[in-house]
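The values are calculated or read from the model by the stated rules, or taken from the named source; none is laboratory data. Note that the coordinates shown come from a computational prediction; the quantities given were computed from them, not determined experimentally. Positions of Cβ are generated from backbone atoms using ideal geometry, with glycine treated the same way; all protein chains shown enter the neighbour counts. Just so you know, the surface numbers come from the protein's heavy atoms only, side chains and all, with ligands and any DNA or RNA stripped out. Shrake-Rupley method; radii C 1.70, N 1.55, O 1.52, S 1.80 Å.
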Amino acid sequence: MRASMWWQLLLSMLALVSSCAARRIQAEATIELPPPLQWQFYQNSCPDAEKYVRDQVEFYWKQDRTLAPKLIRIVYSDCFVKGCDASVLLDGPDSEKKAPQNAAFLGFTLEVIDKIKEVLEQHCPGVVSCADIINLAARDAVVLAGGTSYPVPTGRRDGNSSTAKSVDLPLQAVSWGSVVPYFQEKGLDVQDLTTLLGGHSLGKTGCQFVADRLYNFNKTGKPDPSVDPTFLSQLREQCPPNSTNQVYLNPDSGSSYSLGKTFYSRVLNHRAVLGIDQQIAANNDSYQIAQRYDASFEDFKKMFGRSMTRLGLVKLLPGDQGEVRKNCRVVNAK
């Protein structure tokens, strides 16, 4: 009887692995890769590369769960500036790190990437790019935060320049009408935008980024009328005028640093923390997407992975440009 139970368990595990593999193959087949990306680019040159990355991310995530939203954010901060070339990791007196938009993930997060690179250089020197490390580490962070694994094509090249003035990421409140074309310029659409904003179910934001909604919306001296009155009172308690406090982007699940099921429900009920998140409900296409995700958390997790894969395809360096850095903080010596 016991042997039979173990056999059934084994068959169930094999079926699960087979199902996951089938979903991964299907996902890969639906994504057209720009050069120089390939599926399993390191299969011959560093076959365990993804395992080395995953092991390090898991090790450090267990020490500090805030690592997950920060690793996810780095993909956006890197790819939306000069493309996915790890320029955001370069040191320098006027590098992208110095831009105020990138202050949230400095320190420990970059030290984790340094450690991943160190391990990879020990096993496969000069092979795995820092740009690929960013994307692979973010995927592993999504899984640890309760998301669904997704395929990450590899073969990115590392850039050799980085300037703070090139960082044009929104710093203050922005309108939906300006964000949509901003995403479209990068090859992403309204579904990607609405889906990636779901990443705001992780992490915190500073009260300075929500103060206008609470006290002086559009310079009217009044709060944002789209905020639920009860939630407005709660946010004002956490963010009094001129406060430097931080608040969870999803108050329901924020402290667990896990992807929360209620993010889109909060949006639909006018209880989103950030103005850009609340604007999802004010536009027909994004409103319908939010309804779909609110009805199916599994659907959201699947599509979040898809949009993260697409985000990692933005403006790649050709294979004959850039380099594979030996140290993610500095360009290679000539």
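Identify, please: which residue in segment 213-235 is more than 30 Å from residue 297 (Cβ to Cβ) and among the basic types (Lys, Arg) and is, among those, most open to solvent (accessible area, probe 1.4 Å)?
Taking the candidates together, the pick is 219.
Is it fair to say residue 162 is among the hydroxyl-bearing types (Ser, Thr, Tyr) and over 30 Å from residue 332 (Cβ atoms)?
no
Return only the number of the condition from (1) in a strand (DSSP E or B); (2) within 24 Å of residue 302 (Cα to Cα) that residue 255 does not satisfy.
Going through the list (1) in a strand (DSSP E or B); (2) within 24 Å of residue 302 (Cα to Cα), residue 255 breaks only (1).
Looking at segment 180-197 only, could you name the residues that are part of a helix (DSSP H, G or I) and either open to solvent by less than 20 Å² (accessible area, probe 1.4 Å) or not polar (S, T, N, Q) (or both)?
180, 181, 182, 183, 190, 192, 193, 194, 195, 196, 197
Of all residues being charged (D, E, K, R) and at pLDDT 95 or above in segment 252-284, which is surrounded by the most Cβ atoms within 10 Å (Cβ to Cβ)? Just the residue, please.
Ranking the qualifying residues of segment 252-284, first place goes to 266.
Regarding residue 317, is this residue assigned to a loop (DSSP other than H, G, I, E, B), farther than 23 Å from residue 229 by Cβ and touching a Leu at 6+ places or on another chain (Cβ under 8 Å)?
Spelling it out, it is not the case that residue 317 is assigned to a loop (DSSP other than H, G, I, E, B), farther than 23 Å from residue 229 by Cβ and touching a Leu at 6+ places or on another chain (Cβ under 8 Å).
Please go through segment 63-101 and give me each residue that is closer than 15 Å to residue 162 by Cα and free of Cβ contacts under 8 Å to residues at least 60 places away in the same chain, ordered by number. First the steps, then the outcome.
Residues of segment 63-101 that are closer than 15 Å to residue 162 by Cα, as a first pass: 74, 77-101.
78, 93, listed by residue number.
Say we look at segment 155-176 and pick out the residues that are of a type outside the set (Ser, Thr, Tyr) and more than 25 Å from residue 201 (Cα to Cα); which of these is surrounded by the most Cβ atoms within 10 Å (Cβ to Cβ)?
Selected residue: 156.
If I ask for residues that are part of a helix (DSSP H, G or I), touching a residue at least 40 places away in the same chain (Cβ under 8 Å) and open to solvent by 10 Å² or more (accessible area, probe 1.4 Å), which ones from segment 199-212 would you list? Step through it out loud before you land on a result.
Applying the first criterion (part of a helix (DSSP H, G or I)) to segment 199-212 yields 199-201, 207-209, 211-212.
Remaining after also requiring touching a residue at least 40 places away in the same chain (Cβ under 8 Å): 199-201, 207, 209, 212.
Answer for segment 199-212, where residues must be part of a helix (DSSP H, G or I), touching a residue at least 40 places away in the same chain (Cβ under 8 Å) and open to solvent by 10 Å² or more (accessible area, probe 1.4 Å): 199, 200, 209, 212.
Residue under question is residue 239, and the condition is that it be without any contact (Cβ under 8 Å) to a residue 60 or more places away in the chain and under 24 Å from the mean Cα position of the chain (by Cα); does it hold?
No, not satisfied.
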